[in-house]
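Report on the following structure.
FYI, it's all coordinate maths here, none of it is from the lab. Note that the structure is predicted; figures quoted are calculated from it, not measured. Because the Cβ atoms are built from the backbone with ideal geometry, glycine has one as well, and the counts that use them run over all protein chains shown.
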Amino acid sequence: MEISTIFFYIMATVLVASGLRVITSRNPIHAALYLVLAFFTSGAIWMLLHAEFLAIAIVLIYVGAVMVLFLFVVMMLDINIDRLREGFWRYLPVGLIVALVMVAEMAMVLNGAYFQLQQLPAPAAPPATHSNTQDLARELFTNYAYPFEIASLILLVAMIAAVALTYRRRQGNKYTNPADQIAVKAADRMRIVSMPSESRD
């Protein structure tokens, strides 16, 4: 067995274990840290597949930005964990049935006649001058240009919807309306009062 195969099995085991701990951990901070571990191990598997750009992207974007944001949000919000887990045991049998059905479907597909008849040879290692970043960019902006743009629009709409749903205006806050400031006239702000002069004798 090659060293890359052994490394793949180790990383796959860590990835599955950390993924299970994400959904079974009681503490949300621990769940987020397990998700960081899952991202790191999936990046290592991408490196084994000679997809260095995707491996670096998943580490920099998901671990460096998204997970840090998740940790800040989880630590700053007062989350009632017991209330979130009230319906866990009630929906657990349904979730287990769905999971078993999905596992059975995957086993049927992977052990089917199609995969047994069409055994593809292992791909050769790319040369040192090969750039998978160029290949990925070429595919994204030529063959998959429209799906790529549609996905970006969907993500933009989701981001705007998340901001709109979570925005709450607090009562009693003092704020300034720029439109009211621009519409102000001098006569509304200043009043000239005629007063008799006083003399000191």
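Observations on the model:
- Anisotropy class of region 1-81 from Cα gyration tensor, a/c 1.5 cut: oblate
- Sorted fewest first by neighbouring Cβ atoms within 10 angstrom, Thr41, Thr142 come out as Thr142, Thr41.
- Neighbour-count order for Asp135, Asp188, fewest beta carbons within 10 angstrom listed first: Asp188, Asp135
- Region 1-60-region 156-187 distance, computed between alpha-carbon centres (Å): 42 Å
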